[in-house]
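Single-structure report; data block below.
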Amino acid sequence: MPADAPSPGVDLPAAPATAAELARIAADRATGQLAPPAPARLHDVVPAPEQVRPDPAGDFTLSPDAAIRVSAAARDVAGQLADWLRPATGFPLPVTDSAGPGPDGPLTLTLSSIAAPPAGSPAPAPPTDRTSAAGAAGGDVALGDEGYRLDVTATGVRITADTPAGLFHGAQTLRQLLPAAIESATPVAERWAVPGGTIVDRPRFAYRGAMLDVARHFFGVDDVLRVVDHLARYKLNHLHLHLTDDQGWRIAVDSWPRLAEVGGVTGVGGGPGGWYTPDDYRRIVAYAARRHVTVVPEIDLPGHTNAALVAYPELAPGKTAPPPYTGTDVGFSYVDPTDERTYAFVADVFGELAALTPGPWLHLGGDEAFKVPAERYRAFVERAQALVAATGKTVVGWHQLAPAAHVDGRVLQWWGTNGDDPGTADAVRRGARLILSPGNHAYLDMKYAPDTPIGHDWAGLVDVRRAYDWDPGTHVHGVPVEAVLGVEAPLWTESVTTRAEIEFMMFPRLPAVAELGWSPRSTHDWAGFRERLAGHGPRWATAGITFHPSPEIPWPHSATAGIPRQPAHGQTDTVA
């Protein structure tokens, strides 16, 4: 994609726009092209909560003198909630100690367990797959590591959880229940009403994530942090960073400095390269952790390694440096699986990365090593898995790792397009768990429609309904739901070059995948989802988030002409 090509999904100025300009244009939609949405209802949350009990008599209005009262353990989440609400409301919203004198204020965050259900009542279903919320609708449920309870009455709002992560998810739900104008960066004259009632909520799957490929096109720290915010908004809790590929190596490794200094300077199409220093990476990890998002770093091996071979020719099978690669073909490069120097390299790289990564996962890649003979590939994977496990981390890899011997805790990320996969099912029988990322449903780099100006179509076209209409619990034949760790939506960036383009490919499909990961299967309903999702368009516009105005979604508008047309690649566009 040419560097000066316009981003899709927004009205474009005559001159090439920067990402900041595109974000400003998107924000203008809030008052221009999208009419004010209807007030939020308790059922409008995305992802859909497990239990919703509205109380029309309990609507709450946030006042200028409101305070957020918390226990000490909830103070960080309360501070983030206040940061979300202060700009648009203009209210000071002080965060105060709930143990102090006087009654609790109207916004209360606590860290205390919901009472256990009475003796003899049915036990809640396992958190990996709750097929129905109806059985618990009248009583309390165990909230677990990420669940929360939100109570809204005329006199206040209370979020209760067992963990800070649960409080954080509850605060994100409260954010959605306020008017869309709450996303404004400047004060807005608005009645800040929250619909009354109770939500009790917890996730279906433990792992819910998205992947950003920073190897094909490099994205700086601030862009990655913005992606973290997008994930956290919809209760996704893992960010998979694809850090290395043929086109660029994006993480500095002290023991192998040329990986970044030589292998990190290129990108697809000759675009600028770049890499993260250890301090950059620590900043991403810390920012994500505060938002209860775990970073999953990937070093793709044994294939997708041209950038590493340019930097260190001794890793190549012929011990000769290949030329730098800026195209988009795959499957031609690999490290030498017969040389002990290769395994020293693997041990050093994953050892340093493990030391920088507090999360439990290290992603080994393993896909599309087409030129490595099957037996040598399997032997390499088994040694590499052992080296990752030696760091104390759990191995994650693309499902091509399936034939290799199992190591404790191993997770395979399945990206197929046909759920009939005996090899993966066999790996599950031997102990593997799965993260589901089907290319024809969850890949965010697939085009929405034939005229989408960026993206791919090798897995087909993925509109919003296709992203939503599948069940991770039954998608791969022969794999029981108990073996499904969760879902992930990958975004490969061969044709994605800017922050605005990242957002255009993520929205509105990212919330669809998020709902599959979080919500009970019983809530899965396309008609209801599209109606709930429609109310998020004004929120994204107000927040300056670029998004594809999919014709499948009934966005709030006064006329069809109010929705911006998608420009053809390389052209500007205007609204009728």
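The values are calculated or read from the model by the stated rules, or taken from the named source; none is laboratory data. All of these numbers come straight from a predicted model, not from anything done at the bench. Counting neighbours? That spans all protein chains shown, and the Cβs are built from the backbone with ideal geometry, glycine included. For the accessible areas, the whole protein counts, side chains as well, though only heavy atoms, and no ligand, DNA or RNA atoms are used. Shrake-Rupley method; radii C 1.70, N 1.55, O 1.52, S 1.80 Å.
Say we look at the stretch 373-416 and pick out the residues that are among the charged types (D, E, K, R) and within 22 Å of the chain's Cα centre (by Cα); which of these is farthest from residue 482 (Cα to Cα)? Show your work before the answer.
Narrowing the stretch 373-416 to residues among the charged types (D, E, K, R): 375-376, 378, 382-383, 393, 408, 410.
After this cut, where a residue has to be within 22 Å of the chain's Cα centre (by Cα) as well, the list is 393, 410.
Values: 393: 22, 410: 14 Å.
This residue is 393.
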| task | Identify all residues within the stretch 224-250 that are over 11 Å from the mean Cα position of the chain (by Cα) and of a type in the set (Ser, Thr, Tyr); write none if there are none. | result | 244
| message | Can you confirm whether residue 195 is in contact with a strand residue (DSSP E or B) (Cβ under 9 Å, 6 or more places away or on another chain), closer than 28 Å to residue 412 by Cα and open to solvent by 10 Å² or more (accessible area, probe 1.4 Å)? | response | no
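Go through the stretch 492-511 and report how many residues are open to solvent by less than 10 Å² (accessible area, probe 1.4 Å) and either in a loop (DSSP other than H, G, I, E, B) or of a type outside the set (A, V, I, L, M) (or both).
Taking the stretch 492-511 and keeping what is open to solvent by less than 10 Å² (accessible area, probe 1.4 Å), we get 493, 496, 500-511.
Still in the list and also either in a loop (DSSP other than H, G, I, E, B) or of a type outside the set (A, V, I, L, M) (or both): 493, 496, 501, 503-504, 507-509, 511.
Count: 9.
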| Mind checking which pairs have a first residue in the stretch 519-534 that is more than 18 Å from residue 236 (Cβ to Cβ) and a second that is open to solvent by 20 Å² or more (accessible area, probe 1.4 Å) and assigned to a helix (DSSP H, G or I), Cβ under 8 Å, 6 or more apart or different chains? | 522/134; 526/465; 530/465
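Of a type in the set (Lys, Arg) and over 22 Å from the mean Cα position of the chain (by Cα) - does that describe any residue in the stretch 438-449? It would help to see each step written out before you state the result.
Going residue by residue through the stretch 438-449, those that are of a type in the set (Lys, Arg) are 447.
From what's left, over 22 Å from the mean Cα position of the chain (by Cα): none.
No, the stretch 438-449 contains no residue that is of a type in the set (Lys, Arg) and over 22 Å from the mean Cα position of the chain (by Cα).
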| task | Output yes when any residue across the stretch 337-356 is assigned to a loop (DSSP other than H, G, I, E, B), out of contact with any His (no Cβ under 7 Å at 6 or more places or on another chain) and closer than 27 Å to residue 226 by Cβ, and no when none is. | result | no
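Only one residue in 472, 450 is within 22 Å of residue 511 (Cβ to Cβ) and either open to solvent by 10 Å² or more (accessible area, probe 1.4 Å) or part of a loop (DSSP other than H, G, I, E, B) (or both), so which one is that? Give the derivation first.
Working: 450 fails: within 22 Å of residue 511 (Cβ to Cβ).
Going through 472, 450 in turn, just one is within 22 Å of residue 511 (Cβ to Cβ) and either open to solvent by 10 Å² or more (accessible area, probe 1.4 Å) or part of a loop (DSSP other than H, G, I, E, B) (or both): 472.
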| request: Within the stretch 265-277, track down each residue that is open to solvent by less than 70 Å² (accessible area, probe 1.4 Å) and under 14 Å from residue 241 (Cβ atoms). | output: 274, 276
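Being touching a residue at least 40 places away in the same chain (Cβ under 8 Å) and assigned to a loop (DSSP other than H, G, I, E, B) is the filter here; which residues of the stretch 453-469 pass it?
If the condition is that a residue be touching a residue at least 40 places away in the same chain (Cβ under 8 Å) and assigned to a loop (DSSP other than H, G, I, E, B), then 453, 454, 455, 459, 460, 462, 463, 469 are the ones that fit.
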| query | Within the set of pairs 6+ apart or on separate chains, which have a first residue in the stretch 353-378 that is in contact (Cβ under 8 Å) with a residue 24 or more places away in the chain and of a type in the set (Lys, Arg), a second that is assigned to a helix (DSSP H, G or I) and open to solvent by 30 Å² or more (accessible area, probe 1.4 Å), and C-beta atoms under 9 Å apart? | reply | none
| said: Can you confirm whether residue 203 is at pLDDT 95 or above, touching a helix residue (DSSP H, G or I) at 6+ places or on another chain (Cβ under 6 Å) and closer than 29 Å to residue 98 by Cβ? | reply: yes
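For the stretch 423-437: of the residues being open to solvent by less than 10 Å² (accessible area, probe 1.4 Å) and within 20 Å of the chain's Cα centre (by Cα), which is farthest from residue 411 (Cα to Cα)? Walk me through it before giving the result.
The first filter runs over the stretch 423-437 and keeps only residues open to solvent by less than 10 Å² (accessible area, probe 1.4 Å), leaving 424-425, 427, 432, 434-437.
With the extra rule that they be within 20 Å of the chain's Cα centre (by Cα), the set shrinks to 434-437.
On the way: 434: 6, 435: 7, 436: 10, 437: 13 Å.
Ranking the qualifying residues of the stretch 423-437, first place goes to 437.
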| Residue under evaluation residue 295, criteria (1) surrounded by fewer than 24 Cβ atoms within 10 Å (Cβ to Cβ); (2) part of a helix (DSSP H, G or I); (3) in contact with a strand residue (DSSP E or B) (Cβ under 7 Å, 6 or more places away or on another chain), criterion not met | (2)
| request: Kindly establish whether residue 545 is at pLDDT 95 or above and either of a type in the set (Ser, Thr, Tyr) or not in a loop (DSSP other than H, G, I, E, B) (or both). | output: no
| Boolean, residue 265 is closer than 13 Å to residue 219 by Cα, at pLDDT 95 or above and either β-branched (Val, Ile, Thr) or touching an Asp or Glu at 6+ places or on another chain (Cβ under 8 Å) (or both) | yes
| note | Flagged in the stretch 182-192 as open to solvent by 20 Å² or more (accessible area, probe 1.4 Å) and hydrophobic (A, V, I, L, M, F, W, C), in numbering order, are 185, 188, 189
| task | Among the numbered conditions (1) open to solvent by 10 Å² or more (accessible area, probe 1.4 Å); (2) small (Gly, Ala, Ser); (3) touching a residue at least 40 places away in the same chain (Cβ under 8 Å), tell me where residue 252 comes up short. | result | (3)
